[in-house]
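A.B. asks: Take a look at this one; I'll ask things after.
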Amino acid sequence: MKSVKIITINDGKEEELANGDFFYAEEYPRMEAMVAQYLNEGWTLKHVLKDYNPAIQGEGSYSFYKGGLTFIFEKDE
């Protein structure tokens with residue numbers, strides 16, 4: 001039997017690794033620690049999805065912002 005765990009993490013404390021020459025990279029140490037915890041418990045990471053959330057400014061005026069990442073883990077029980 002398989003178990004599935006779906007977790008959305010929105011970590012606003014990214015650490016910039018590089019920014020210049022049309023290149024940007026960042027990492028998320030707290031998010032990495034949580035994902036590592038599940039991997040160490042025997043879960044397998046199956047998918048990572050960007051999560052976008054709507055911000056309704058008014059009727060007919062919508063924008064979206066990045067709300068975090070959704071991780072889908074799977075484990076054989």
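The values are calculated or read from the model by the stated rules, or taken from the named source; none is laboratory data. For clarity, every value in this text was computed on a predicted model and none was experimentally measured. Positions of Cβ are backbone-derived with ideal geometry, glycine not excepted, and every protein chain shown enters the neighbour counts. All accessible areas refer to the heavy atoms of the entire protein, side chains included, with ligands and DNA or RNA removed. Shrake-Rupley method; radii C 1.70, N 1.55, O 1.52, S 1.80 Å.
A.B. asks: Tell me the label only: which of (1) 31; (2) 47; (3) 52 is percent of Cα pairs over 19 Å apart as calculated from this structure?
C.D. replies: The listed entry that was calculated here is (3).
A.B. asks: Determine which aspartates and glutamates satisfy two conditions relative to K75: a Cα distance under 16 Å, and not lying fewer than 8 residues away in the same chain.
C.D. replies: E41
A.B. asks: Now, a different point. Could you work out [θ]222 nm for the chain from helices alone, using -39500 (n - 2.57) per DSSP H run of at least four and dividing by all its residues? Round to the nearest 500 deg cm²/dmol.
C.D. replies: -5000 deg cm²/dmol
A.B. asks: Which of the chymotrypsin sites (Phe, Trp or Tyr not before Pro) across the chain are loop residues per DSSP, with 12 or fewer other Cβ within 10 Å?
C.D. replies: F22
A.B. asks: So which GluC sites (Glu not before Pro) in the range 1-65 are both in a DSSP loop and have at most 16 other Cβ atoms within 10 Å of their Cβ?
C.D. replies: Sites meeting the loop and neighbour criteria: E14, E41, E59.
A.B. asks: Given a cut-off of under 8 Å on Cα pairs at least six residues apart, what relative contact order in percent is computed for the chain?
C.D. replies: Across the chain, relative contact order equals 42 percent.
A.B. asks: Continuing with the same structure: What accessible area, in Å² to the nearest ten, does a 1.4 Å probe give for D76?
C.D. replies: Approximately 110 Å² of D76 is accessible to the 1.4 Å probe.
A.B. asks: Hey, got the dipole for the chain? About the Cα centre, +1 on K and R Cβ, -1 on D and E Cβ, debye to the nearest 20?
C.D. replies: 320 debye
A.B. asks: Please report the net charge: other residues with Cβ closer than 10 Å to the Cβ of L69, K and R +1, D and E -1.
C.D. replies: Residues close to L69 contribute a combined charge of 0.
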